[in-house]
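**Q** First the structure, then my questions, so here it is.
The values are calculated or read from the model by the stated rules, or taken from the named source; none is laboratory data. What you are looking at is a predicted structure, and each value in this text was computed from that prediction instead of being measured. Cβ coordinates were reconstructed from backbone atoms using ideal geometry, including for glycine residues, and neighbour counts include every protein chain displayed.
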């Protein structure tokens, strides 16, 4: 288990969860840390490190609390806002898509011309 911490990003070698520092994240224009999978909440640096540490411990089986998918959150691309997922038969990576997987609205993989930057949010009606 190892976190890599810089002035603007915290990444994990064990999970896809990451934290980023955004200079003007708060409504008052001040900077804050955002940890994907944590409902768009703003964190201090220490809080972001604690969240990342908990995610690593959870991935290693040391914590029993739920991951983002258990919270009813859905993965999306932080870059463009599209829904993303990992699809069987299409490699290990995240893919952009639209559709709901029904006969009237089948899932279609799309080419977004960029890698998916995965974050998590409450579903608000998938396209």
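**Q** Right, residue 70: over 23 Å from residue 21 (Cα atoms) and modelled with pLDDT of 70 or more or not?
**A** When the stated conditions are applied, residue 70 does not pass them.
**Q** Can you tell me which condition residue 19 does not meet? The list is (1) under 14 Å from residue 119 (Cβ atoms); (2) touching a strand residue (DSSP E or B) at 6+ places or on another chain (Cβ under 7 Å); (3) modelled with pLDDT under 85, and all the others hold.
**A** (3)
**Q** Here's something else I'd like to know. State all residues of segment 75-110 that are within 30 Å of residue 21 (Cβ to Cβ), touching a strand residue (DSSP E or B) at 6+ places or on another chain (Cβ under 8 Å) and either in a loop (DSSP other than H, G, I, E, B) or touching a residue at least 24 places away in the same chain (Cβ under 8 Å) (or both); if no residue qualifies, say none.
**A** So in segment 75-110, the residues within 30 Å of residue 21 (Cβ to Cβ) come out as 75-86, 92-97, 110.
Those still in the list that are touching a strand residue (DSSP E or B) at 6+ places or on another chain (Cβ under 8 Å) too: 75-78, 80, 82-86, 92-97, 110.
75, 76, 77, 78, 80, 82, 83, 84, 92, 93, 94, 110 - these are the residues of segment 75-110 that are within 30 Å of residue 21 (Cβ to Cβ), touching a strand residue (DSSP E or B) at 6+ places or on another chain (Cβ under 8 Å) and either in a loop (DSSP other than H, G, I, E, B) or touching a residue at least 24 places away in the same chain (Cβ under 8 Å) (or both).
**Q** Further, regarding this structure: On the given criteria, is residue 58 at pLDDT below 80, surrounded by 17 or more Cβ atoms within 10 Å (Cβ to Cβ) and not in a strand (DSSP E or B)?
**A** Here the answer is yes, as residue 58 does meet what is asked.
**Q** Follow-up. Take residue 104 and tell me if it is over 26 Å from residue 11 (Cβ atoms) and modelled with pLDDT of 80 or more.
**A** Criteria met by residue 104.
**Q** If only one of 32, 27 is modelled with pLDDT under 80 and more than 30 Å from residue 107 (Cα to Cα), which one is it?
**A** 27 is the lone residue from the list that is modelled with pLDDT under 80 and more than 30 Å from residue 107 (Cα to Cα).
**Q** Step by step: first the residues of segment 86-101, then only those that are surrounded by fewer than 17 Cβ atoms within 10 Å (Cβ to Cβ) and under 17 Å from the mean Cα position of the chain (by Cα), then the one that is modelled with the lowest pLDDT. Which residue is that? Explain how you work it out, then say what you get.
**A** Here is the first cut: in segment 86-101, the residues surrounded by fewer than 17 Cβ atoms within 10 Å (Cβ to Cβ) are 86-93, 98-101.
Filter once more, keeping what is under 17 Å from the mean Cα position of the chain (by Cα): 86-87, 92-93.
Working: 86: 78, 87: 81, 92: 71, 93: 79.
So the residue we want is 92.
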